[in-house]
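What follows is a set of notes on a single structure, which appears directly below.
The values are calculated or read from the model by the stated rules, or taken from the named source; none is laboratory data. Remember, it's a predicted structure, so these values are computed and weren't measured experimentally. Counting neighbours? That spans all protein chains shown, and the Cβs are built from the backbone with ideal geometry, glycine included. With ligands, DNA and RNA removed, areas are computed over all heavy atoms of the protein, side chains included. Shrake-Rupley method; radii C 1.70, N 1.55, O 1.52, S 1.80 Å.
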Amino acid sequence: MKSLLLCGVGGQGTVLASRILAQAAMEEGKFARTAETIGMAQRGGCVVSHVRIDSKDCSPLVPLKKADILIAFEPGEAVRNLPYLKPEGIVIVCDNPICPVTASLAGIEYDSRKMIDYIKSKVERVIVVDGNKICEECGSSKVVNVALVGTIIKTGAAELSEESVKKVLKDKLKPEFLEMNMKALTLGMEYAI
Amino acid sequence: MKELLMGNEAIALGAIMAGVKVVAGYPGTPSTEVLETIAKRNPGKIHVEWSTNEKSALEVAAGAAYTGARSIVTMKQVGLNVASDPLMSLNYVGVKGGMVVYVADDPGPISSQTEQDTRHFGKYAKIPVFDPATPEEAYEMIQDAFAYSEKYGMPVFFRATTRVCHSCATIDVGEFPEPTEGEGFIKDTSRWVIFPKLSYESKKKLEAREVELAKEFSKLKYNFITGTGRIGIACGGVSRAYVCEAVNDLDENKDIFSIFNVGTPYPFPEDAALEFINSIDKLICFEELDPVIEDAFTYLLGKHNIKLEILGKRTMDVPNAGELGVVSITKILAGLTGKEYTESQERFKDLPDIPGRPPVLCAGCPHRASFYAVKQAMKGRKAIFCGDIGCYTLGNAAPLDMTDTCLCMGAGITIAEGLDYAEFDKDDRSVKFAFVGDSTFFASGITGVINGVYNKANIVVCVLDNSTTAMTGHQPHPGIGKTMMGDVSNAISIPKVLEAIGLTKVVTVDPLNQEEAINAVKELADLPGVKAIIFKSPCVAIVKTKKSAEVDRDKCIGCKKCINELGCPALYMKDGRACIDKALCTDCGLCKTVCPVKCIKEEA
Ligand code: SF4
Ligand code: SF4
Ligand code: SF4
């Protein structure tokens, strides 16, 4: 079984990413489960999506210490969810901080560099993805999720193929957004090489 | 065809497979997607509607089931409180076509006011309860629920919890059949008109049915035993998935357990449970919300004079509030077997504290502007702000701090009235404001306004009209003029409704025009009786703009007033100056009115 935990801030598109991964698994004939945060937290709160591939007899939520890959759309959320990572697990983190309103109000410094340094000091394999750069290159602020899917599959840790993800994107996305997302996928993959 | 379906989608498709004809509901997390999915996948002949509230929805579904057609009504657990009046009586009258009452419970709670347990409600109302553990089970079980409902002429509960409703699984979906049409309504006052005599006869039947169903359910595939170990685990709903994974994690110890899964907590499958009791030396119950299964076992032991140790919520071995999970269950089971188990990791012992990230009103949300206008207008005055259920409940957070009370749907208006009556004979009364969203206004706000006019309350009703039901994912409502069947209907005008009720004054303002909004609040606050301000501006999550605002960083004096007054998530400080996150900002303009040096402008 493979367990993936995707985390971020409401509105960042973690749900779409987890669905793409689960559907790619189905393309390969594997059973897939996901669980998502839906409801109030979607208004800028912490959100997590759980993906579990190739096992029927399991909880829909990834338990602590059991994620093969932790995929964070935001550095602070990566730190918050580190306890879910397996000892040998991989962290993929998008370096695009979103300062929580509570921190702005309290005047707390929100330094993503320090957070990423912490993760690197604790985890052997950490891939930092420059989300802003990918968005600029693709001409859209909405492609981070697909780019991260690219990084995930390229690590090999999810045991999902590029072909199945591409097939899902073709089936799922409106034709006018396809090219842009295919580009994001490729750019995301480059980070895992 | 194999599809990745969310629990709620699986339930929806299962209902279509069962030939459902009429579907009604009121949005509420985590139940909403069932009705939405039926509307989206409607093969054509199913009537789907968002009703004004859960009571209306349940009555609509009952009427349809009187004709022999199959119907489903959907709601969240607190919605069941609203629908309980018709439902209690409906069980005495009965139905002809299969009728499922779908209720989503919310352990945690994650997005609800209460941790109430619909399984209890089933027992109280004497209505059978089906409780799926996974989306794939839900898909099948809902079809059986319809069949049982029809066989016995009774409404049945289909209860799921958040982690079943909102998790996805791979499911093989069949070919959709035509809906069941039924024979039409056949007049029979002795059947469809509730009278004490009918209720007396029905009560006897309900009691007999409980016994009969308990027997039948003991053989049902959803109530089953796995394993042969002498430590028994009883569970139901999503807890089963947690238990399975936890037991597997215990490796060499897993054979000491056996698991009894309860798919129909009411009527409790007593025969199957007795068989289980006789094969174990000790029982531990894992279930979320209330100890329904645990109590059923305790009762059974007493009834049959059996001695057996039961661990669970009643013995404080299992937490009695919040969700369960693999980790919490593994810990408890490891404790029983004397195995060491720790979920923490040494390497993350010094995990830095990350500031909390509670949900907030979106950047550019018109509610922020409405709250801020009222706050400004009432500066230095005694005022109480009664909130209600919706995105605008988030107006309670700092720095707005504009929600002093929040109870349940529609209560803001009537709570404000009660606050006012309590000091009706005082001279220095505070101004009472009741904030209510447009959808909540239609669901249960109107009767409260009428009550206030009739009984001479002094309140200001603030209708936050963003032309949608935003919190639950943007459903239409009676004020919008669109139905779930894709038709256009007469949009019901909130100001006209209020004028017809006879308020002292009704005004409509654009909250993004702060000056106009503040003046309106000031004026209405001093008028006697019930007054209303309709703050009309669309939810920015559906009406997107490409514009954003920008801080002139040379002019910004770094006073932080914009951040400290508004709490807009697009605003943050960087190197001592304010900054705006372009991706979030919608150029609502509110921060421009706040900035003392006017250094925020629309982006060039
Ligand atoms: S204009 Fe100001 S208050 Fe409005 S969304 Fe943009 S940053 Fe927030
Ligand atoms: S979804 Fe709409 S109503 Fe809700 S917080 Fe966002 S903008 Fe406001
Ligand atoms: S209120 Fe104006 S001057 Fe003060 S920090 Fe905000 S943008 Fe700068």
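Values for this structure:
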| item | result |
| --- | --- |
| B:G79 being at pLDDT 95 or above and open to solvent by 30 Å² or more (accessible area, probe 1.4 Å) | no |
| Selection from region A:22-34 of residues that are more than 15 Å from the chain's Cα centre (by Cα) and either more than 7 Å from every other protein chain (Cβ to nearest Cβ) or on the phi > 0 side of the Ramachandran plot (or both) | A:A25, A:E27, A:E28, A:G29, A:K30 |
| Evaluation of B:T593 against (1) over 15 Å from B:A363 (Cα atoms); (2) within 14 Å of another protein chain (Cβ to nearest Cβ); (3) near ligand 1 (Cβ under 10 Å from one of its atoms) (one fails), failing number | (2) |
| Residue identified as at pLDDT 95 or above and within 14 Å of chain A (Cβ to nearest Cβ) among B:S279, B:S344, B:S328 | B:S328 |
| Residues satisfying the stated conditions in region A:35-59, i.e. without any contact (Cβ under 8 Å) to a residue 40 or more places away in the chain, within 7 Å of another protein chain (Cβ to nearest Cβ) and open to solvent by 10 Å² or more (accessible area, probe 1.4 Å) | A:I38, A:M40, A:A41, A:R43, A:C46, A:D57 |
| Subset of region B:561-572 [open to solvent by less than 40 Å² (accessible area, probe 1.4 Å) and either on the phi > 0 side of the Ramachandran plot or more than 9 Å from chain A (Cβ to nearest Cβ) (or both)] | B:C562, B:L566, B:G567, B:A570 |
| Residue match in region B:369-384 (condition: within 11 Å of another protein chain (Cβ to nearest Cβ), within 16 Å of ligand 1 (Cβ to nearest atom) and in contact (Cβ under 8 Å) with a residue 40 or more places away in the chain) | no |
| Tabulated pairs, region A:104-121, first more than 9 Å from chain B (Cβ to nearest Cβ) and over 14 Å from A:A78 (Cα atoms), second hydrophobic (A, V, I, L, M, F, W, C) and not in a loop (DSSP other than H, G, I, E, B), C-beta under 9 angstrom, 6+ apart or interchain | A:E109/A:A103 |
| Of all residues making up region A:113-130, the number that are assigned to a helix (DSSP H, G or I) and open to solvent by less than 20 Å² (accessible area, probe 1.4 Å) | 3 |
| Search result, residues across region B:242-258 that are open to solvent by 60 Å² or more (accessible area, probe 1.4 Å) and within 9 Å of chain A (Cβ to nearest Cβ) | B:N248 |
| Residue count for region B:371-395, restricted to those that are more than 21 Å from B:G473 (Cβ to Cβ) and away from ligand 3 (no atom under 16 Å from the Cβ) | 14 |
| B:I557, sole failed condition from (1) in contact with a Ser or Thr (Cβ under 7 Å, 6 or more places away or on another chain); (2) in a loop (DSSP other than H, G, I, E, B) | (1) |
| Candidate set: region B:168-220, residues that are of a type in the set (S, T, N, Q) and under 32 Å from the mean Cα position of the chain (by Cα); chosen: the one nearest to B:E136 (Cα to Cα) | B:T170 |
| Any hit, region B:142-152, residues being more than 28 Å from the chain's Cα centre (by Cα) and loosely packed, with under 14 Cβ neighbours inside 10 Å | yes |
| Subset of region A:13-22 [modelled with pLDDT under 95 and surrounded by 24 or more Cβ atoms within 10 Å (Cβ to Cβ)] | A:T14 |
| Condition met for B:I534 (within 9 Å of ligand 3 (Cβ to nearest atom) and touching a helix residue (DSSP H, G or I) at 6+ places or on another chain (Cβ under 9 Å)) | no |
| For B:L584: the one exception among (1) in contact with a Lys or Arg (Cβ under 9 Å, 6 or more places away or on another chain); (2) within 16 Å of ligand 2 (Cβ to nearest atom); (3) modelled with pLDDT under 95 | (1) |
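This table checks each residue for (1) within 14 Å of chain A (Cβ to nearest Cβ); (2) within 16 Å of ligand 3 (Cβ to nearest atom); (3) among the polar types (S, T, N, Q).
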site: B:G502; (1), (2), (3): no, no, no
site: B:A520; (1), (2), (3): no, no, no
site: B:I542; (1), (2), (3): yes, no, no
site: B:C559; (1), (2), (3): yes, yes, no
site: B:K574; (1), (2), (3): yes, yes, no
site: B:I600; (1), (2), (3): no, yes, no
